[in-house]
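Participant: After the structure tokens below, expect a handful of questions from me.
The values are calculated or read from the model by the stated rules, or taken from the named source; none is laboratory data. None of these values were measured; they are calculated from a predicted model. In this analysis, Cβ positions are derived from the backbone assuming ideal geometry, glycine residues included, and neighbour counts consider all displayed protein chains.
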């Protein structure tokens, strides 16, 4: 993970480079990852798994949707700090439009948008989110803002500034006040 995060998805091309940085033999890398696609696929799968483990339990809670939104975005910001390699890979993946793994990123984003959409719809039914908003567009706004949260964290903004951004995002996206 750390090798790919440091070198970048596009620059991780040769098993020997990964082996050297990881301190193992090239043959060992080939045993676990016979092709570059296998290697990158495993890395992306790890990122997907981490994000699912973070997202699903929070959005499934029987708490008000706005509370879940705030808690999840705060947990995501914390995740960036505790899993910086995963976050670097995720943010690079989101800009790798010309790479063969771009469709997989779009699938990941759509999966997250659908989770958020369901949470937004529930919030609208409960009256905690403005009923006139399009749940899909609200979900896309929130998911897309993940990149900004990563940028704020990597730029070294104070936790209070990151939290202010998150609260402002939820307020703007849901059409409601704190």
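Participant: If a residue has to be outside any helix (DSSP H, G or I) and over 18 Å from residue 46 (Cα atoms) to count, how many in the stretch 96-118 make the cut? If you could, list the steps in order and put the result at the bottom.
Facilitator: Applying the first criterion (outside any helix (DSSP H, G or I)) to the stretch 96-118 yields 96-101.
Checking which are over 18 Å from residue 46 (Cα atoms) leaves us with 97-99.
Of the residues in that region, 3 qualify.
Participant: Within the stretch 7-59, how many residues are closer than 18 Å to residue 79 by Cα, touching a helix residue (DSSP H, G or I) at 6+ places or on another chain (Cβ under 8 Å) and exposed (fewer than 14 other Cβ atoms within 10 Å of the Cβ)?
Facilitator: 1
Participant: Okay, next question. Could you grab me the full set of residues in the stretch 2-32 that are part of a loop (DSSP other than H, G, I, E, B) and farther than 20 Å from residue 102 by Cβ?
Facilitator: Answer for the stretch 2-32, where residues must be part of a loop (DSSP other than H, G, I, E, B) and farther than 20 Å from residue 102 by Cβ: 14, 23, 24, 25.
Participant: Let me ask something else about it. Between residues in the stretch 30-50 that are closer than 20 Å to residue 107 by Cα and residues that are in a helix (DSSP H, G or I), which pairs lie under 6 Å by C-beta distance while being six or more apart or on different chains?
Facilitator: 43/4; 47/86; 47/89; 47/90; 48/108; 50/86
Participant: For residue 76, state whether it is within 16 Å of residue 141 (Cα to Cα) and in contact (Cβ under 8 Å) with a residue 60 or more places away in the chain. Don't jump to the end; show me each part of the working.
Facilitator: Details: within 16 Å of residue 141 (Cα to Cα): yes; in contact (Cβ under 8 Å) with a residue 60 or more places away in the chain: yes.
So residue 76 passes the test.
Participant: Which residue is surrounded by the fewest Cβ atoms within 10 Å (Cβ to Cβ), if the candidates are limited to the stretch 119-144 and must be in a loop (DSSP other than H, G, I, E, B) and in contact (Cβ under 8 Å) with a residue 60 or more places away in the chain?
Facilitator: Ranking the qualifying residues of the stretch 119-144, first place goes to 128.
Participant: Right, something else. Check off (1) exposed (fewer than 14 other Cβ atoms within 10 Å of the Cβ); (2) modelled with pLDDT of 95 or more; (3) more than 23 Å from residue 9 (Cβ to Cβ) for residue 81 and give me the number that stays unchecked.
Facilitator: (3)
Participant: On the basis of being under 28 Å from residue 63 (Cβ atoms) and either touching a residue at least 24 places away in the same chain (Cβ under 8 Å) or in contact with a helix residue (DSSP H, G or I) (Cβ under 9 Å, 6 or more places away or on another chain) (or both), does residue 101 make the cut?
Facilitator: Answer is no for this residue.
Participant: Considering the stretch 82-95 alone, what residues qualify as being out of contact with any helix residue (DSSP H, G or I) (no Cβ under 6 Å at 6 or more places or on another chain) and assigned to a helix (DSSP H, G or I)?
Facilitator: 82, 84, 92
Participant: While we're looking at this one, here's another question. Filter the stretch 156-178 for residues that are assigned to a loop (DSSP other than H, G, I, E, B), surrounded by 13 or more Cβ atoms within 10 Å (Cβ to Cβ) and on the phi < 0 side of the Ramachandran plot and give the result.
Facilitator: Selection gives 157, 176.
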